[in-house]
Amino acid sequence: MSPQRIAIASENGRYEVVYGAGVLPGAGIRIKSLGENSGVFLLCSPRVASHWRGKLERALRSVRLRSTVVFDDREESKNTATVERICRELVRAGADRRALLVAAGGGVVGDVAGFVAASYLRGVALVHIPTTVVAQVDSAIGGKTGVNLPEGKNLVGAFYSPRLVLADPVTLSTLPDREFRSGLYEIIKYGVIADERLFVFLENSVETLANRDAKAIDFVIPRCIQAKAKVVSRDERESGLREILNFGHTFAHALETATAYRKYLHGEAVGWGMIAASRLAARMGLLTTESAARIERLVRRVGPLPALPATKASRLLEIMHSDKKTRGGQLRFVLSGKIGSAETFGPIAPKLVTKVLGHLGRET
């Protein structure tokens, strides 16, 4: 089966996401087609290096791989100190303005490496090779980069488009089960906000997908990529439509921040966030209770979510006020009024959010 090529429109030019088995070994050939560079610098995490470093370096040898920089991809290390360390390593390795960075890894690697590419020498070329479900369907696409502050997630960053994204499903084979399941929550998100057919497919087949069935993977990942491509090509800088990609994320980021980024994988926090957002929409009369229950049932079928923290609702609300969608101190949330569509609503009364948080640990 030939790789699928999905085009993304960007203010910095069109680029492609190439998905399919065998994409990884051919990375050098595809990067060479981008034009001349002064050297390639591979950025990855220790775990990606342990599984894929040899294959990646062999694939990149034909495009003058100069150095491999390995850095901690734990969420708590996604900060400005890590960005500075990588930039200093690039200086020592001789990276100049015509360098090309290849980010191989999951969401943290892509976000950090993307911000490095946007910042180093005021911008160098970037290629993503996402190796997790979350990265392949979401974080490697669309040009959002950034790092965390103690006050909140992704509060420092830039919009910076890659030149190319290469997604090979073979890299998912080394993911631990928990991390693979974590990515399925982001897939559910796309079904809720943009693709009712995908949502119904997941209702019928989520266990098959969780068991890593190749046909199921090859159906859902390109479908999610296409959904994101449509959104980000119309609204690259999140001025309106692109906000729908944050369905569940306002609650999720609050949970991650409140637990110092140590308790949840990102997708797991999004799972809780989608349950909370669906309950909020039902309380507001936007979403039927039946549809809210369908979303919650599907989220819970992926697997057990880590327990909610013993954090007061007032603290979570405080964190939410730092969310990027907040306007003039007023809370705004992405909510679905019908499975297959979503939009941003606000201002939302804090009392209503507090009620949702107060009952979140109880199954409906």
Is it true that residue 143 is outside the structural domain of residue 51 (by TED's automatic domain parsing) and in contact (Cβ under 8 Å) with a residue 40 or more places away in the chain?
no
Considering each residue of region 315-345, count those that are assigned to a loop (DSSP other than H, G, I, E, B), surrounded by 15 or more Cβ atoms within 10 Å (Cβ to Cβ) and at negative phi, and give that number.
8
Subset of region 18-55 that is more than 22 Å from the chain's Cα centre (by Cα) and of a type in the set (Val, Ile, Thr) - its residue that is surrounded by the most Cβ atoms within 10 Å (Cβ to Cβ)
40
Residue 239 meets each of (1) of a type outside the set (A, V, I, L, M, F, W, C); (2) surrounded by 20 or more Cβ atoms within 10 Å (Cβ to Cβ); (3) free of Cβ contacts under 8 Å to residues at least 40 places away in the same chain; (4) in a loop (DSSP other than H, G, I, E, B) with one exception, condition (2)
If you go through region 253-260 one residue at a time, do you hit one that is aliphatic (A, V, I, L, M) and not in a helix (DSSP H, G or I)?
yes
Any residue in region 105-117 that is touching a Lys or Arg at 6+ places or on another chain (Cβ under 9 Å) and more than 24 Å from residue 243 (Cα to Cα)?
yes
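Please state which one of 287, 317, 298 is assigned by TED's automatic domain parsing to the domain that holds residue 343 and under 29 Å from residue 179 (Cβ atoms). Quick ask: steps written out before the conclusion?
On the way: 287 fails: under 29 Å from residue 179 (Cβ atoms); 317 fails: under 29 Å from residue 179 (Cβ atoms).
Among 287, 317, 298, only 298 is assigned by TED's automatic domain parsing to the domain that holds residue 343 and under 29 Å from residue 179 (Cβ atoms).
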Which of the numbered conditions does residue 226 fail, given that it passes all the others? Conditions: (1) part of a helix (DSSP H, G or I); (2) crowded, with 21+ Cβ neighbours inside 10 Å.
(2)
Of all residues in region 56-84, which are surrounded by 14 or more Cβ atoms within 10 Å (Cβ to Cβ), without any contact (Cβ under 8 Å) to a residue 40 or more places away in the chain and of a type in the set (A, V, I, L, M)?
59, 63, 65, 69, 70
Could you tell me whether region 137-158 includes any residue that is farther than 20 Å from residue 255 by Cα, in contact with a Ser or Thr (Cβ under 8 Å, 6 or more places away or on another chain) and part of a strand (DSSP E or B)?
yes
Can you say whether residue 149 is in contact with a strand residue (DSSP E or B) (Cβ under 7 Å, 6 or more places away or on another chain) and at pLDDT below 95, as far as the supplied structure shows?
yes
Members of region 41-55 found to be touching a residue at least 12 places away in the same chain (Cβ under 8 Å) and under 14 Å from residue 174 (Cβ atoms), listed by number
44, 45, 46, 47, 48, 49, 51, 52, 53, 55
Residue ID - surrounded by the most Cβ atoms within 10 Å (Cβ to Cβ), chosen from residues in region 249-260 that are of a type in the set (Ser, Thr, Tyr) and farther than 22 Å from residue 187 by Cβ:
257
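The values are calculated or read from the model by the stated rules, or taken from the named source; none is laboratory data. Please read all numbers here as calculations on a predicted model, not as lab measurements. All Cβ positions, even for glycine, are placed from backbone atoms using ideal geometry, and neighbour counts span all protein chains on display.
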